[in-house]
Ligand code: FAD
Ligand code: NAP
C-alpha cells in the first residue's frame with residue numbers, strides 16, 4: 001500500500017528547525033494509531049527504514065533519507081481521571097507541546113508552566129525527558145501509550161519503565177527507535193504549586209508580591225525570558241542546546257576548579273557535579289564563532305545556528321570539531337543532544 005499523502009522525494013526542510021535541506025524517499029503524515037500501524041507495516045514488510053518525525057526541533061536530518069518518514073499528527077486532549085487535588089490529562093503524541101501547556105493553564109491544571117515554549121510535540125517530550133527552569137517532564141509524567149515498531153503491538157509505559165534521567169530516557173538508550181509513542185498522560189495539580197527554584201526565573205519575578213504570582217504569570221515570564229535569550233528558529237535556524245551539560249565526578253571537578261576558578265557548576269548529588277556546557281564553549285572561544293554558514297550563537301554559546309541552511313553532514317562535522325576541542329582543552333566529552341539519522 002502506498003502512503004496516501006506520499007510523496008516520492010518530499011522535502012523536509014520546513015519540518016526541521018535547523019532548516020537542513022533534506023529529502024525523504026517516502027513520507028506519510030499519520031493522524032491515528034491505526035494509520036501509524038499501517039505505515040509501520042508498510043516499512044517493515046517492504047524492508048524500508050522508517051524514521052519518526054515530530055516537530056523536528058531536536059534532530060539533524062540527512063540530505064536524503066532512503067526510507068519512510070512517518071510524521072506524527074495524532075491529536076487530542078482528554079481528561080482520563082480526576083480526584084480532589086489532581087487530574088490526569090492524556091495528550092496525543094502529535095499535539096504541539098506549547099498547545100498542551102496553554103490548554104492545561106486554560107483549564108486550571110498546573111505543573112507545566114516552567115516548561116512553556118519548548119518547541120516540538122508531546123510524543124517527543126519523554127524521549128529526552130524535556131526540562132527547563134528547574135522542572136523536568138518526569139515530575140508530571142503519569143504514563144504513555146506506544147506501538148512497538150517490529151510487532152505493531154500496543155504497549156504502555158509507567159514512569160519507572162521510562163528510566164528517566166537528566167535529558168535522557170530508555171527511549172534514547174535500550175529502546176532507541178523501537179517504539180512509537182502515541183499519547184502521553186500527565187498528572188497535573190488542581191492547586192498551584194509553584195517551582196521558583198531556578199534563579200533566573202526567581203529574579204525575573206522578584207519585583208512581584210509573592211502572593212500574586214500565579215502559574216499563568218510563571219508561564220508568561222518563562223516565555224519572556226526565552227524570547228529574550230534564545231534565537232527564534234524561524235529567523236535563525238537552530239535546534240536549541242546542541243550539547244548536553246556534562247556531569248563529572250567531584251574529583252574531576254576539583255581538578256578543573258583548580259585551573260579555572262570561574263567555572264560554572266551545579267551539584268547533582270554528593271558525588272557528581274553538572275558543568276554548564278555553555279561556559280566551556282565560551283571559554284574555548286566558540287561563542288559567536290562561525291564557519292561556512294554554521295556557527296555557535298553569539299548570545300548563547302550552547303545553541304548551534306545554521307543561517308547558511310547547511311547540510312546535516314556539515315553540521316555534524318562542525319559539532320565534531322567542537323567536541324574534539326573541548327576534549328583536548330578540558331578532558332570532557334561533550335555529548336550531542338539532537339538525534340541524527
Ligand atoms: P523531533 O525533533 O521531531 O524528534 C526528536 C527525536 O524523537 C527523534 O529521534 C524522533 O525520531 C523521536 N520522536 C519524535 N516523536 C516521537 C514519537 N512520537 N515516538 C517515538 N519517537 C519520537 N529541549 C528541552 O528539553 N528543554 C528546552 O528548554 C528546550 N528548548 C529548546 C529551544 C529551542 C529554540 C529548540 C529549537 C529546541 C529546544 N529543545 C529543548 C529541544 C526540543 O524542543 C525537544 O527535545 C523536543 O521535545 C523535541 O520535540 P520534536 O517533536 O521536535 O522532536
Ligand atoms: P541559563 O539560565 O543561562 O543557565 C545555564 C545552564 O546552567 C543551564 O543549562 C542550566 O542547566 C544551568 N542552571 C542554571 N541555574 C541552575 C540551577 N539553579 N540549578 C541547576 N542548574 C542550573 O540557561 P538557558 O540557556 O537560558 O536556558 C534556560 C533553561 O531552558 C534551562 O533549564 C535549559 O536547560 C532550558 N533550555 C534547554 C534547551 C535545550 O535545547 N535543551 C534550549 C534552551 C533552553 P539545565 O539545562 O540543566 O537546566
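The values are calculated or read from the model by the stated rules, or taken from the named source; none is laboratory data. The structure presented is a predicted model; accordingly, all values stated were derived computationally and were not measured. Here Cβ is always computed from backbone atoms with ideal geometry, including for glycine, and neighbour counts include all displayed protein chains.
Worth a mention:
For (1) surrounded by fewer than 18 Cβ atoms within 10 Å (Cβ to Cβ); (2) within 16 Å of ligand 1 (Cβ to nearest atom), each residue gets a yes or a no:
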{"position": "252", "(1), (2)": "yes, no"}
{"position": "263", "(1), (2)": "yes, no"}
{"position": "280", "(1), (2)": "no, no"}
{"position": "292", "(1), (2)": "yes, no"}
{"position": "303", "(1), (2)": "no, yes"}
{"position": "306", "(1), (2)": "no, yes"}
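- Criterion: more than 10 Å from ligand 1 (Cβ to nearest atom), in contact (Cβ under 8 Å) with a residue 60 or more places away in the chain, over 19 Å from residue 171 (Cβ atoms) and surrounded by fewer than 20 Cβ atoms within 10 Å (Cβ to Cβ) - qualifying residue of 11, 31: 31
- Criterion applied to 40, 36, 100, 117 was being closer than 20 Å to residue 189 by Cα, in contact with a strand residue (DSSP E or B) (Cβ under 7 Å, 6 or more places away or on another chain) and within 13 Å of ligand 1 (Cβ to nearest atom), and the one residue passing it is 100.
- Restricting the range 149-167 to residues that are within 16 Å of ligand 2 (Cβ to nearest atom) and surrounded by 17 or more Cβ atoms within 10 Å (Cβ to Cβ), the residue that is farthest from residue 15 (Cα to Cα): 164
- Filter result (surrounded by 20 or more Cβ atoms within 10 Å (Cβ to Cβ), closer than 20 Å to residue 16 by Cβ and within 14 Å of ligand 2 (Cβ to nearest atom)) within the range 107-125: 118, 119, 120, 124, 125
- Sole exception among (1) touching a residue at least 40 places away in the same chain (Cβ under 8 Å); (2) more than 30 Å from residue 147 (Cβ to Cβ) for residue 188, by number: (2)
- Set 175, 152: member being near ligand 1 (Cβ under 10 Å from one of its atoms) and either at positive phi or part of a loop (DSSP other than H, G, I, E, B) (or both): 175
- The requirement of being closer than 27 Å to residue 35 by Cα and away from ligand 2 (no atom under 16 Å from the Cβ) is fulfilled somewhere in the range 128-142, by at least one residue.
- Among the candidates 128, 98, the residue that is part of a helix (DSSP H, G or I), within 15 Å of the chain's Cα centre (by Cα) and within 24 Å of residue 168 (Cβ to Cβ) is uniquely 98.
- Some residue of the range 225-244 being more than 16 Å from ligand 2 (Cβ to nearest atom), assigned to a strand (DSSP E or B) and either surrounded by 15 or more Cβ atoms within 10 Å (Cβ to Cβ) or at pLDDT 95 or above (or both): no
- Filter result for the condition that a residue is in contact with a helix residue (DSSP H, G or I) (Cβ under 9 Å, 6 or more places away or on another chain), within 16 Å of ligand 2 (Cβ to nearest atom) and touching a residue at least 12 places away in the same chain (Cβ under 8 Å), over 69, 60: 60
- Residue satisfying condition, being under 29 Å from residue 86 (Cα atoms) and in contact (Cβ under 8 Å) with a residue 12 or more places away in the chain, within set 248, 218: 218
- Condition met for residue 49 (surrounded by fewer than 18 Cβ atoms within 10 Å (Cβ to Cβ) and either away from ligand 2 (no atom under 16 Å from the Cβ) or free of Cβ contacts under 8 Å to residues at least 60 places away in the same chain (or both)): yes
- Residue check for residue 146: within 16 Å of ligand 2 (Cβ to nearest atom) and surrounded by 19 or more Cβ atoms within 10 Å (Cβ to Cβ): no
- When residues of the range 196-211 are limited to those that are within 11 Å of ligand 2 (Cβ to nearest atom) and in a loop (DSSP other than H, G, I, E, B), the one surrounded by the fewest Cβ atoms within 10 Å (Cβ to Cβ): 197
- Residue match in the range 74-83 (condition: surrounded by fewer than 14 Cβ atoms within 10 Å (Cβ to Cβ), more than 16 Å from ligand 2 (Cβ to nearest atom) and more than 15 Å from residue 184 (Cα to Cα)): yes
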